[in-house]
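Encoded as structure tokens, the structure appears first; notes follow it.
Derivation of every value follows stated rules applied to the coordinates shown; laboratory data play no part. Since we're looking at a predicted model, the values are computed, not measured. Glycine also receives a Cβ, built like all others from the backbone with ideal geometry; neighbour counts cover every protein chain displayed.
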Amino acid sequence: MKIYLDTGNVQEIEEAAKLGILDGVTTNPTLIAKEGRDFKTVVKDIVKIMKKYCKNDFTVSAEVTDTSSSEKIIKRARELAKIDSHIMVKIPLIPVGIEAVSVLSKEKIKTNVTLCFSSNQALLAAKAGATVVSPFVGRVDDEGFDGIELISDIKTIFDNYNFKTEILAASIRSARDARDCSLVGCDIATIPYGVFSKMFYNPLTNIGLVKFEHDWDDYQKKLKNCN
Ligand code: E4P
């Protein structure tokens with residue numbers, strides 16, 4: 001499963017990217033607004049960090065904000081795609097959004113169809129030629145439904161018809177969500193930095209490390225006393 005970081009914060013991206021296991025970054029208007037910086041500058045900074053540390057096939061998702069017509073979405077998508085070849089344009093799953101994706105996919109502009117909450121919506125995004133579709137696992141769970149079951153259903157549909165569109169699990173809230181996404185064969189999960197950090201954690205790793213270090217120190221002292 002590819003791992004993307006779900007943030008607009010360049011410090012967080014640098015921390016994760018230098019580990020060499022990051023495949024991309026997703027942002028949205030809320031995440032960019034949190035940074036209080038110019039949109040284009042943030043996106044350019046993210047691309048720069050990813051180029052420094054990651055393999056060349058990463059993507060950085062940047063979302064369109066004016067969604068009042070397909071023409072406006074297409075115009076903005078073309079502008080965003082021009083920033084860098086790694087940009088994936090995020091477009092909401094609404095009729096004008098799907099209309100725009102149908103046009104942009106023919107121009108080979110990478111698209112991330114966002115705000116997906118049902119398998120029927122995912123099917124429509126795939127038919128339009130979306131590069132990825134983003135079902136929102138956490139927000140589906142919040143409503144009392146099953147976000148991971150949605151990922152699994154979409155995977156079945158995409159496999160049934162050999163769609164090339166990849167499934168990008170968004171709105172990930174826990175390390176357990178991340179694990180469950182990989183268990184059902186999700187292509188990508190975009191993960192907030194806090195959850196990403198927790199994926200490393202297991203108390204037995206820390207306990208084991210402390211014991212190894214302690215035993216090694218003891219052994220060195222013994223060797224010193226013998227000489
Ligand atoms: C990323 O593509 C989505 O915009 C993001 O994962 C939404 O997460 P949230 O539901 O925690 O806001």
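Before moving on, here are some points about what is shown:
- Spin-label model, LYS34 to ASN120: label points 7 Å out along the Cα-to-beta-carbon direction sit 3.2 nm apart.
- Karplus-derived HN-Hα couplings along segment 136-152 (A = 6.51, B = -1.76, C = 1.60, θ = phi - 60°), whole Hz, x at Gly and Pro: 9, 4, x, 5, 5, 4, 4, 8, x, 9, 10, x, 6, 4, 4, 4, 5
- From phi via Karplus (6.51, -1.76, 1.60), per-residue ³J(HN,Hα) for segment 95-106 in Hz, x at Gly/Pro: x, 5, x, 5, 4, 5, 4, 4, 6, 5, 5, 5
- For THR26, THR131, order by how many other beta-carbon atoms lie within 10 Å, fewest first: THR131, THR26
- The helix-only estimate of mean residue ellipticity at 222 nm for the chain, built from DSSP H runs of length n ≥ 4 each weighted as -39500 (n - 2.57), is -16500 deg cm²/dmol after division by the residue total.
- Taking the convex hull of the alpha carbon positions in the chain and averaging its projected area over all directions gives 15.6 nm².
- Förster radius 22 Å - calculated FRET efficiency between SER105 and ASP159 (Cβ-Cβ, nearest 0.05): 0.65
- FRET efficiency for LYS82 and LYS52, using Cβ-Cβ distance with R0 set to 25 Å, rounded to 0.05: 0.70
- Positive end of the dipole of the chain (Cβ unit charges, origin at the Cα centre): among PRO192, PHE145, THR156, the Cα lying farthest that way belongs to PRO192.
- Of every Cα-Cα pair in segment 12-132, the percent that sits beyond 19 Å: 46 percent
- Point-charge dipole on Cβ atoms (K/R +1, D/E -1) for segment 2-226, about Cα centre, debye to 20: 780 debye
- Relative contact order (%) - criterion: Cα under 8 Å, at least six apart; region: segment 2-226: 16 percent
- Shown here for segment 123-189: chymotrypsin sites (Phe, Trp or Tyr not before Pro) in loop regions (DSSP other than H, G, I, E, B) with at most 15 other Cβ atoms within 10 Å, namely PHE145, TYR161.
- Rounded to the nearest 20, the Cβ-based charge dipole of segment 1-40 about its Cα centre (Lys and Arg +1, Asp and Glu -1) stands at 100 debye.
- Think of it this way: in the chain, CYS54, CYS116, CYS226 stand alone, with no other Cys Cβ under 4.7 Å.
- Here the spin labels are modelled as points 7 Å beyond Cα on the Cα-Cβ line, and at TRP216 and SER68 they lie 6.3 nm apart.
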